[in-house]
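Undergrad: Pasting a structure below so you can have a look.
The values are calculated or read from the model by the stated rules, or taken from the named source; none is laboratory data. Only a predicted model underlies this, so the values are computations on that prediction, with no experimental measurement involved. All Cβ positions, even for glycine, are placed from backbone atoms using ideal geometry, and neighbour counts span all protein chains on display.
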Amino acid sequence: MKLLIVGLDGLEPELVERWNLALFKQRSYGRHYVGILRTLSTPLLWGTFLIGRNVEELGYDVKTMMIRKNLGLFPLPLKPLYWLRVKLLPRRLGLRRVLRKMGLVKEYSACIMPRRLIDMTFLEKLKSMGYSVHAIEVPGYNETINEKYRNMVPRYISSPFIVKLKTLMDILEELKDRVKEGLEAVERGFDIVFVYLPMPDVAHHFFSKGDAKSMRGLRRVYTRLEQLIEPLIRRAYGENYVVLIVSDHGFDFQTHDHSEYGFWSLNIDDFEFHTITDFCPKILELFERKESI
Ligand SMILES: [Zn+2]
């Protein structure tokens, strides 16, 4: 058995249904509850997806995540400076902004879980069982550049519609490389291929008002996203992969923020996922089942 996971950040179950996006709605599909976390933060949610347990209960919450992420911004000699600031001064000093202007800290960092949690992910468990894994930019696990897209939200939130749409289409163009890399991994026959895209979540935040114009923009993004991943999905079907399309949460246009339900779909009908912690044990079960045959 082989598995392709396409992680589409924030893909909203209600919009997939409303616009009847056939590629996303595979043989079985539904929504899964993610509200078990106190903070519906993308890297924490993907970490929970990968481990099958609420990472906040494992000592990895939004505060620890931010400290680890910010430490990653500083070059080695300046890390103790940031650490001292965290320990001694609860208030923000604007230190990072000053150092960034001086070119001493990086523009963006990555949200990667501590090693002890990485080892608990189904990706690492499957690797230790001898399966080959190709994971591309998975938040909490091996991302390098996703933060660049997350950081764009405050910069463009007040931009004109056309600028937002153009920016989103440019991001989708950049993401083509990830899809291509995933397609090549499928062709090379990796047992598990995981392609993560930070879309459509960035688009939800750009168009968070939810008025008619915003929804037109969002629909363009959803449609383009579907076109973007189609060759990857079709190829995986051709190579007899089990294909899981999944999001870490949806979007609530009332609160203008992440909602408590993510989307999932599968091209087989043996499984159903009710909460974000269901994926890890069921994915492991899929591979264990195959081993026992
Ligand atoms: Zn997310």
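Undergrad: Residue by residue through segment 267-278, note down the ones that are of a type outside the set (Val, Ile, Thr), modelled with pLDDT of 95 or more and either touching an Asp or Glu at 6+ places or on another chain (Cβ under 9 Å) or closer than 9 Å to residue 34 by Cβ (or both).
TA: The one that is of a type outside the set (Val, Ile, Thr), modelled with pLDDT of 95 or more and either touching an Asp or Glu at 6+ places or on another chain (Cβ under 9 Å) or closer than 9 Å to residue 34 by Cβ (or both): 278.
Undergrad: Got a number for residues in segment 118-132 being within 17 Å of the chain's Cα centre (by Cα) and touching a residue at least 60 places away in the same chain (Cβ under 8 Å)?
TA: 3
Rundown of residues vs (1) aliphatic (A, V, I, L, M); (2) touching a strand residue (DSSP E or B) at 6+ places or on another chain (Cβ under 6 Å); (3) surrounded by fewer than 20 Cβ atoms within 10 Å (Cβ to Cβ); (4) more than 14 Å from residue 246 (Cα to Cα), yes/no style:
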{"position": "4", "(1), (2), (3), (4)": "yes, yes, no, no"}
{"position": "8", "(1), (2), (3), (4)": "yes, yes, no, no"}
{"position": "20", "(1), (2), (3), (4)": "no, no, yes, yes"}
{"position": "26", "(1), (2), (3), (4)": "no, yes, yes, no"}
{"position": "35", "(1), (2), (3), (4)": "no, no, yes, yes"}
{"position": "38", "(1), (2), (3), (4)": "no, no, yes, yes"}
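Undergrad: In segment 190-206, is there at least one residue being touching a residue at least 24 places away in the same chain (Cβ under 8 Å), out of contact with any Leu (no Cβ under 6 Å at 6 or more places or on another chain) and loosely packed, with under 14 Cβ neighbours inside 10 Å?
TA: Checked segment 190-206: no residue is touching a residue at least 24 places away in the same chain (Cβ under 8 Å), out of contact with any Leu (no Cβ under 6 Å at 6 or more places or on another chain) and loosely packed, with under 14 Cβ neighbours inside 10 Å.
Undergrad: Identify, from the list 37, 11, 23, 15, the residue that is in a helix (DSSP H, G or I) and either charged (D, E, K, R) or modelled with pLDDT of 95 or more (or both).
TA: Answer to the check: 15.
Undergrad: Residue 160 - would you say it is closer than 17 Å to residue 204 by Cα, exposed (fewer than 13 other Cβ atoms within 10 Å of the Cβ) and either hydrophobic (A, V, I, L, M, F, W, C) or modelled with pLDDT under 95 (or both)?
TA: no
Undergrad: Further question on the same structure: Could you please let me know if residue 190 is in contact with a His (Cβ under 7 Å, 6 or more places away or on another chain), among the hydrophobic types (A, V, I, L, M, F, W, C) and more than 16 Å from the ligand (Cβ to nearest atom)?
TA: Criteria met by residue 190.
Undergrad: Can you list the helices (runs of 4 or more DSSP H) found entirely within segment 116-226 that contain at least 1 residues being more than 28 Å from residue 279 (Cα to Cα) and in contact with a Phe, Trp or Tyr (Cβ under 8 Å, 6 or more places away or on another chain)?
TA: Counting at least 1 such residues, we get 152-156, 161-174, 201-206.
Undergrad: Let me ask you something else. Out of all the residues in segment 61-78, is one or more modelled with pLDDT under 95, in a loop (DSSP other than H, G, I, E, B), closer than 24 Å to residue 279 by Cβ and under 19 Å from the mean Cα position of the chain (by Cα)?
TA: Looking through segment 61-78, at least one residue is modelled with pLDDT under 95, in a loop (DSSP other than H, G, I, E, B), closer than 24 Å to residue 279 by Cβ and under 19 Å from the mean Cα position of the chain (by Cα).
Undergrad: Give the residue that is nearest to residue 51 (Cα to Cα), with candidates limited to residues of segment 212-254 that are within 16 Å of the ligand (Cβ to nearest atom) and among the hydroxyl-bearing types (Ser, Thr, Tyr).
TA: Among residues in segment 212-254 that are within 16 Å of the ligand (Cβ to nearest atom) and among the hydroxyl-bearing types (Ser, Thr, Tyr), the one nearest to residue 51 (Cα to Cα) is 247.
Undergrad: If you don't mind, there's one more thing I want to ask. Return the residue satisfying two criteria in turn: it lies in segment 117-136 and is touching a Gly at 6+ places or on another chain (Cβ under 9 Å) and not aliphatic (A, V, I, L, M), and of such residues it is nearest to the ligand (Cβ to nearest atom).
TA: Per the stated criteria, the residue is 121.
Undergrad: Please go through segment 40-54 and pick out each residue that is within 11 Å of the ligand (Cβ to nearest atom) and assigned to a loop (DSSP other than H, G, I, E, B).
TA: Result: 40, 41.
Undergrad: Can you name the condition, by its number, that residue 287 falls short on among (1) modelled with pLDDT under 95; (2) surrounded by fewer than 16 Cβ atoms within 10 Å (Cβ to Cβ); (3) not hydroxyl-bearing (Ser, Thr, Tyr)?
TA: Looking at each condition in turn, residue 287 falls short on (2).
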